[in-house]
Amino acid sequence: MRIPFMSLFITPPFEGIQEHAEKVKECAWTFQQAMECYVITQCKTFEEFRQEVIILETEADAIKRRIRGHIPKGTLLPVDKFQLFRYLREQDQVLDAVEDALDWISYRPEPGVPEELQKDFFLLVDATIEPIEELARMVAEARKYFQNFSEKQRNRVKEIIRTLRKLEHEADILEDQLKRKVFERAVDPVTVFHLIRLAETIGSISDHAENAGDMMRAMLAR
């Protein structure tokens, strides 16, 4: 006998996933402020923003552990627990990539980005924030679908997943353009390495958001 898919999403695991997604979204806003602060150099509160992200990441980890540790034994889920946890892992790695980007910045004491590259960094950061917001919206819309099984609602979730893929592709293009510009500028090798690695880490944020969308699509297909 097949268990209705709704049973997964009216239980604490999916409630926790939505809570976790909102925490990731909150972290993204702080990340955007931190990056704006770092790029313009005059800002003196970058470290405060970074510490705030660390706190949010710790809170998200607590939610993740609660989800993993509180699925009662014998609970029948319409998808394998491994699939559910893979989704949660990708969503969590969005936040990890945000923290990695800010940690990478903190390793170099010289603040700021060369003026001719500032606009490109702002564009890349903005391109990674939007997928995170779409990710949170996807989780909320998916939860509605699994409550009413409306085909219209299912298509709405799938449309968000397609949007995530489109946004990830656009972020990839911006990342590639930025890295090319870094190599074209006459800056010292350490700065080149630092900026290239930073661009790649920021770009990985949208990669994980897209991966989470793919995992959600797999769960919708069950």
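Every read-out reported here was derived from the displayed coordinates using simple, explicitly stated rules and does not represent laboratory data. All of these numbers come straight from a predicted model, not from anything done at the bench. Quick reminder, even Gly has a Cβ in these numbers, built from the backbone with ideal geometry, and neighbours come from all protein chains shown.
Side notes on the structure shown:
- Longest segment of the chain lacking chymotrypsin sites (Phe, Trp or Tyr not before Pro) that sit in a DSSP loop with at most 12 other Cβ atoms within 10 Å: 1-106
- DSSP H segments from the chain that extend 30 Å or more along their own axis, Cα-based, with Kyte-Doolittle mean of -1.0 or above: 12-40, 46-69, 81-106, 115-148, 189-220
- Directionally averaged shadow of the stretch 101-158, computed from the convex hull of its alpha-carbon atoms, nm²: 5.5
- Contact order for the chain, expressed relative to its length and based on alpha carbon pairs under 8 Å spaced 6+ residues apart, stands at 29 percent.
- P(r) tail, the stretch 97-222: Cα-Cα pairs separated by more than 22 Å, 43% of all pairs.
- Reachable aspartates and glutamates from K64, criterion Cα separation under 12 angstrom, eight or more residues apart if same chain: E15, E19, E90, D92
- Restraint check, K81/K152; K119/K181; K23/K152; K23/K166, Cα-Cα greater than 21 Å: K81/K152; K23/K152; K23/K166
- log₁₀ of I(q)/I(0) at q = 0.33 Å⁻¹ - the stretch 18-67, Debye sum with one point per alpha carbon: -1.16
- Shape call, the stretch 35-167: gyration tensor on alpha carbons, a/c limit 1.5: oblate
- Computed on the Cα trace of the stretch 141-194, the radius of gyration divided by the Kirkwood hydrodynamic radius gives Rg/Rh = 1.41.
- All alpha carbon pair distances within the chain were sorted into 10 Å bins beginning at 0; the resulting P(r) in whole percents reads 8, 33, 31, 18, 9, 2, 0.
- Estimated 222 nm signal from helices in the chain, with DSSP H stretches of n ≥ 4 weighted -39500 (n - 2.57), rounded to 500: -29500 deg cm²/dmol
- Shown here for the stretch 148-214: trypsin sites (Lys or Arg not before Pro) in loop regions (DSSP other than H, G, I, E, B) with at most 15 other Cβ atoms within 10 Å, namely R185.
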